[in-house]
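Just so it is clear, none of the values below were taken in a lab; they were calculated from the coordinates. Remember, predicted model here, so these are calculated numbers, not experimental data. Reconstructed Cβ throughout: ideal geometry from the backbone, glycine too, with neighbour counts over all protein chains shown.
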Amino acid sequence: MNLFSYYMYEMAHLAVGPARAMSDAARLMFRNPLNPVAHTAAGRNLAASAELFERLTRRYGKPLFDLERTRVDGREAPVTEAVVWAKPFCSLIHFVRARPASAPPQPKLLIVAPISGHYATLLRGTVEAFLPHYEVYITDWADARMVPLTFGRFDLDDYIDYLIEISQFLGKENSGRGVHTLGVCQPSVPLIAAIAVMERDRDPLAPASMTLMGGPIDTRRSPTAVNKLAEERGSAWFRRNCIVKVPFPYPGVGREVYPGFLQLSGFMAMNLDKHVNAHVDMFNHLVDGDGDSAEKHRDFYDEYMAVMDLDAAYYLQTIDTVFVEHALPKGEMRHRGKPVDLADIRRSGLMTVEGENDDISGVGQTHAAHDLCVNIPAARKTHYMQPGVGHYGVFNGGRFRSEIAPRIREFIAGLDGPGRAQPKKNGKVAAKRALAV
């Protein structure tokens, strides 16, 4: 693929612009309660059809976290966002909560969001669950098409460098103590590698713990369709078929990227029948006047359809390192030319979380970290398998809030306190799989 494929996508988007505008106008007209037609079956069908066309052809912008309030120490507290660290490809957001000056400090938690096409706001529910208990920070990765070429490329080595710098920055802010970290899906590999590098270098600001959730530590275990596709085709195929150059007038013009529109096509194709049925259901909800169900659909797809471009260097290096060469579990991964040895990790605590029905990172892939981190004491390691959830349910949704998040908090409390907290049991599956390692 080349520059012109991106231009063709842009031209197609602009070409349907007038039709999209007319469709949006029709939606407003046939929804207007003053219009008698709006109260008829034909009017409701026209309004529903117009809204679906507009939503399916629009470009979705970066969503907002929109977390305005939380409860801390039993009191409601306003929340504001502050960027406290920034580099060309990443900003670090701190969710600042209003607390009395006399209140004891809470632990700092760094959430490492994935660079996988969606924005960090995909982890809104993850952030919300931990806000009452921690000073929460999250990596907000930049859309590669918005980063000028003058800042150079961004690859997996740079990703690890960023995590090391962020850990050091937060550690200094934390009175010289390492912070707790949580990597969701893809960041599990660079996060554990960054901690290994910091511990190898005897960095006193190395994170106090890492919680790895649904991550591809060793994709040879229970390989999924996604894993197999990447391994069989390799980075050369993806370079030929998925990498394009950002066109003018974006700031990143000329940068090689894996574009968001291709990623979204892949996401949709994986479960096309579900997405088609979801939009049919939304149409029926709109016709029937079921506003609550329609609004839930809007909220989900406003997030799901918002995608960003990935720098090609990072994307291709990740395919080779994680999915083709399996460099980390083989002990062959390198960072800036030096080996990444997980046996160097001795002080950081390790918790792994997997979903029983995860079709992105198969069962056992994240748990593999325990077999590789041989020098972390058993009392500082634990694994939890959540029954009945897929990949998304590992870090979001009702079971995450009620069953997974409390166990993560117990794990962190056990590391900070005099003793080690034990995860709760949760039925037969947990009895077999949610084992302390």
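What GluC sites (Glu not before Pro) in region 18-69 are in a loop by DSSP, with at most 15 other Cβ atoms within 10 Å of the Cβ? Let's see the in-between values first.
Values: sites: Glu51, Glu54, Glu68; in loops: Glu68.
Here the sparse-neighbourhood loop sites are Glu68.
Starting with the fewest neighbours, write out Lys338, Lys245 ranked by other beta-carbon atoms found within 10 Å of each beta-carbon.
Values: Lys338 10, Lys245 21.
With the sparsest Cβ surroundings first, the list reads Lys338, Lys245.
Rounded to the nearest 10 degrees, what's the angle between the helix 188-200 long axis and the longest principal axis of the chain, both from Cα atoms, 0 to 90?
In the chain, helix 188-200 runs at an angle near 30 degrees to the longest axis.
What aspartates and glutamates does Lys245 reach when the alpha-carbon gap must be under 18 Å and sequence neighbours fewer than 8 apart in one chain are set aside?
Result set, ordered by chain and number: Glu10, Asp143, Asp155, Glu256, Asp309, Asp311.
Size of the dipole of region 124-175 about the Cα centre, Lys and Arg at +1 and Asp and Glu at -1 on the beta carbon, nothing else charged, in debye to 20?
Details: 4 positive and 10 negative charges, 24 e Å.
Using Cβ point charges on Lys, Arg, Asp and Glu, region 124-175 gives about 120 debye.
Taking the 0 to 90 degree range and rounding to the nearest ten, how far is the long axis of helix 291-304 tilted relative to the main principal axis of the chain, both from C-alpha atoms?
Around 60 degrees separate the two axes.
Among Thr224, Ala208, Ala236, whose Cα sits farthest toward the positive end of the charge dipole of region 198-238 (+1 at Cβ of Lys/Arg, -1 at Cβ of Asp/Glu, about the Cα centre)?
With unit charges placed on the Cβ atoms, the residue in question is Thr224.
Per-residue HN-Hα couplings for region 367-376, Karplus 6.51 cos²θ - 1.76 cosθ + 1.60 at θ = phi - 60°, whole Hz, x for Gly and Pro?
Per-residue couplings from phi come out as 4, 4, 4, 5, 6, 8, 8, 6, 9, 7 Hz.
Under a Cβ-only charge scheme (Lys and Arg +1, Asp and Glu -1), can you give me the dipole magnitude of the chain about the Cα centre, in debye to the nearest 20? It would help to have the intermediate numbers written out before the result.
Details: 51 positive and 50 negative charges, 153 e Å.
Using Cβ point charges on Lys, Arg, Asp and Glu, the chain gives about 740 debye.
Hey, what angle do you get for helix 3-15 against the long axis of the chain, alpha-carbon based, 0 to 90 degrees rounded to 10?
Rounded to the nearest ten degrees, it is 40.
Per-residue ellipticity at 222 nm for the chain, helices alone: DSSP H runs ≥ 4 residues times -39500 (n - 2.57), over residue total, nearest 500 deg cm²/dmol?
Values: 15 runs with 177 residues, N = 437.
Here the helix-only value at 222 nm equals -12500 deg cm²/dmol.
If you take every residue apart from Phe89 with its C-beta less than 9 Å away from the C-beta of Phe89, what net charge results, scoring Lys and Arg +1 and Asp and Glu -1? List each step's numbers first, then the result.
Details: positive: Lys87; negative: Asp158, Asp311.
Charge balance near Phe89 sits at -1.
Give the long-range amide H neighbours of Val147: residues separated by 5 or more places, or on another chain, with amide H under 5 Å away, using H modelled in the peptide plane at 1.01 Å from N.
Gly252
In what order do Phe300, Phe411 fall by count of nearby beta-carbon atoms within 10 Å, going from fewest to most?
Taking fewest neighbouring Cβ atoms as first place, the list is Phe300, Phe411.
In whole Hz and in residue order, list the ³J(HN,Hα) couplings for region 339-348 that follow from phi through the Karplus curve 6.51 cos²θ - 1.76 cosθ + 1.60, θ = phi - 60°; x for Gly and Pro.
Each residue of region 339-348 in turn: x, 9, 10, 5, 5, 6, 7, 10, 9, 5 Hz.
Rank these for me by crowding, Glu403, Glu410, going from fewest to most other beta carbons within 10 Å. Don't skip to the answer; put the middle values down first.
Working: Glu403 19, Glu410 16.
So the residues, fewest neighbours to most, are Glu410, Glu403.
If the limit is 27 Å between Cα atoms, which of Lys62/Lys381; Lys87/Lys228; Lys62/Lys87; Lys172/Lys381; Lys87/Lys172 go over it? Before the final figure, lay out the partial values.
Details: Lys62/Lys381 36 Å; Lys87/Lys228 34 Å; Lys62/Lys87 18 Å; Lys172/Lys381 25 Å; Lys87/Lys172 18 Å.
Exceeds cut-off: Lys62/Lys381; Lys87/Lys228.
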